Amino acid sequence: MTKAYDLFQEGKKLIDDRRPHEAVDLLRKAKELEPGRGSIIEALGIAYYNSGQTALAHREFEEALEVDPTNHFARFGLGCCLYRQGRLTEAVGQVKLALAMAPHVDLYSETLRRYQRDLDREAEKGSAGDNVCGGPEAQELQ
């Protein structure tokens, strides 16, 4: 096994164990060793997101989509980042795309319903697009 693969595996385990801050360090090292590896980039995005570093997660999910535009989970992760940033319309669009790519993933349809409901509420108030989320989303990515 390669060192990057070992770092990636340990980083994924730390994410599963809900230790995303520790996972970030390992996954950054793995990415340095294997730049452009979509699975590492996606995992780093998850670690950043779960550790509350939304802007960095956003960047990683966008990079993962540059590597593989068909990566539905990276599309979903990007949508979650946009939601946390209060960009509801864009968040709904990204989650819709993820769901279209993987209609069998219940998490995507559940999240889309929730985000769409929030967007509809904001549209009723006349302030859609403002930062209205009131803080970080409780949802973690896995």
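Observations
Table: residues versus (1) more than 26 Å from ALA123 (Cβ to Cβ); (2) in a helix (DSSP H, G or I); (3) of a type outside the set (Val, Ile, Thr); (4) outside the structural domain of GLY126 (by TED's automatic domain parsing).
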site	(1), (2), (3), (4)
ILE15	yes, yes, no, yes
LEU27	yes, yes, yes, yes
GLY36	yes, no, yes, yes
ALA64	yes, yes, yes, yes
CYS81	no, yes, yes, no
GLY86	no, no, yes, no
THR89	no, yes, no, no
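- Number of the condition not met by MET1 [criteria: (1) buried (at least 16 other Cβ atoms within 10 Å of the Cβ); (2) modelled with pLDDT under 95]: (1)
- Some residue of segment 124-142 being among the aliphatic types (A, V, I, L, M), at pLDDT 80 or above, outside the structural domain of ARG19 (by TED's automatic domain parsing) and surrounded by fewer than 17 Cβ atoms within 10 Å (Cβ to Cβ): no
- The lone exception for GLY52 - which of (1) in a helix (DSSP H, G or I); (2) surrounded by fewer than 16 Cβ atoms within 10 Å (Cβ to Cβ); (3) assigned by TED's automatic domain parsing to the domain that holds PHE8; (4) in contact (Cβ under 8 Å) with a residue 40 or more places away in the chain it fails: (1)
- Residue satisfying condition, being among the charged types (D, E, K, R) and either touching a Pro at 6+ places or on another chain (Cβ under 7 Å) or farther than 14 Å from LEU141 by Cα (or both), within set GLU42, GLU60, GLU66: GLU66
- When ALA4 is tested against (1) of a type outside the set (D, E, K, R); (2) outside the structural domain of SER109 (by TED's automatic domain parsing); (3) under 26 Å from MET101 (Cα atoms), just one condition goes unmet, and that condition is (3).
- Selection of segment 9-46 for residues being in contact (Cβ under 8 Å) with a residue 40 or more places away in the chain, buried (at least 21 other Cβ atoms within 10 Å of the Cβ) and either among the acidic types (Asp, Glu) or more than 18 Å from ARG59 (Cα to Cα) (or both) yields only ILE15.
- Selection status of LEU107, out of contact with any helix residue (DSSP H, G or I) (no Cβ under 7 Å at 6 or more places or on another chain), surrounded by 15 or more Cβ atoms within 10 Å (Cβ to Cβ) and touching a residue at least 12 places away in the same chain (Cβ under 8 Å): yes
- Selection within segment 38-90 - in contact with a helix residue (DSSP H, G or I) (Cβ under 6 Å, 6 or more places away or on another chain) and basic (Lys, Arg): ARG75, ARG84
- Output for segment 72-100, where each listed residue is crowded, with 22+ Cβ neighbours inside 10 Å and polar (S, T, N, Q): GLN94
The values are calculated or read from the model by the stated rules, or taken from the named source; none is laboratory data. Computed from a prediction, not measured in an experiment: that's the story for all the values here. For neighbour counting, all protein chains shown are included, and Cβ atoms are generated from backbone atoms with ideal geometry for every residue, glycine included.
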